[in-house]
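Read the figures in this text as sums done on the coordinates, not as results from a lab. This structure is a prediction, so every number in the text was calculated from the model and none was measured. Because the Cβ atoms are built from the backbone with ideal geometry, glycine has one as well, and the counts that use them run over all protein chains shown.
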Amino acid sequence: MRDQAVASLTDIAAVEQRTQAAVAYSRASACLFLWGPLVAAGSMLNQAFPGQPPWSYLLAPAGHDRIAVFWATLMMMPYVIAGLWLGPIFSICGLAGTGLCFGAFFFAGTWLHVWIGATYGACLVLAGLGLKRLGAS
């Protein structure tokens, strides 16, 4: 009887942990669905108006292209860190987004902001789809 009670409590704890993970994945996927298109639109605006980065005046000596990669990398870092607690999918999303942004810096040339917007925005939306799927299963 006691062994059954311990087994039941262990099962209940496992279900609780899976539920918490599902809720975290669901919340994160909603954020990714929101931020993917917003980041893409912001990068496209930076491509269209390269002299108008309003939040980057303190970093201006670094150059417009480096600032774009800096912000994209900075925004991906919380996903890498969240992967330590919430699961590796977060870290994979963060590292993939960072890698794509660095690739854009070295290979995109004058189309840097379009590339960052497309790849970074797509990475966020695809990560949101993956997280939604994980949360539902």
Each label sits 7 Å from Cα toward the beta-carbon; between CYS31 and ARG2 the label points are separated, in nm, by 4.5 nm
Diffusion coefficient in µm²/s returned for the chain by Stokes-Einstein, Kirkwood Rh over C-alpha pairs, 25 °C and 0.890 mPa s, is 149 µm²/s
Restricting to Cα pairs under 8 Å and 6 or more apart, the percent relative contact order of segment 24-136 works out to 45 percent
If each K or R counts +1 and each D or E counts -1, the residues other than TYR25 whose Cβ falls under 13 Å of its Cβ total +4
Of segment 76-112, those with amide N under 19 Å from the point 7 Å along the Cα→Cβ vector of ARG18 are 86-89
Most packed first (mean Cβ within 10 Å per residue), the peptides 17-28, 121-132 order as 121-132, 17-28
Label model pair TRP111, PHE70: point-to-point distance (7 angstrom along the Cα→beta-carbon line) in nm is 2.7 nm
